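So the structure is just underneath, and the comments pick up after that.
The values are calculated or read from the model by the stated rules, or taken from the named source; none is laboratory data. Note that the structure is a prediction, hence the values are computed from the model and not measured. A quick note on method: Cβ atoms are made from the backbone with ideal geometry, for glycine too, and the neighbour counts reach across all protein chains shown.
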Amino acid sequence: MTYDNGHFNWGSLVPYLIHPVKVAIIEAMEWVEVPVSPRELDRIFDEQFGVSLVSYHMRTLVDVGVVEKVRQQAVRGALQTFYSLSAKEPASPSLACE
């Protein structure tokens with residue numbers, strides 16, 4: 001599956017490496033067009049994923065530069081973090097498809 005004519009087929013790995021929750025987060029953030037918190041995103045997803053899973057994937061998107069923290073707000077003794085899509089290029093432009 002991962003070898004094609006003796007060469008490693010990276011394209012076959014993409015469906016296994018890109019998590020559907022990350023795709024849903026990015027698509028929802030493009031649609032909403034305002035900073036959102038993981039809790040708000042979970043509500044948009046009808047609470048099908050859970051806040052902790054959305055938060056986890058949001059943090060990994062921050063780590064690669066797709067999403068950035070915009071602000072934090074105190075809510076009932078906790079901090080709610082709001083994110084927006086990054087206007088910067090992805091962290092690894094050398095990996096971009098041409």
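Quick notes
- Residue count, segment 67-98 (criterion: within 15 Å of the chain's Cα centre (by Cα), among the hydrophobic types (A, V, I, L, M, F, W, C) and modelled with pLDDT under 90): 2
- Within segment 42-64, residues that are closer than 23 Å to Ser86 by Cβ have Cβ atoms under 9 Å from residues that are aromatic (Phe, Trp, Tyr) in these pairs: Asp42/Phe49; Ile44/Trp31; Val54/Phe45; His57/Phe49; Met58/Tyr83; Leu61/Tyr83; Val62/Tyr83, counting only partners at least 6 apart in sequence or on another chain.
- Within segment 50-60, not a single residue is loosely packed, with under 11 Cβ neighbours inside 10 Å and among the hydrophobic types (A, V, I, L, M, F, W, C).
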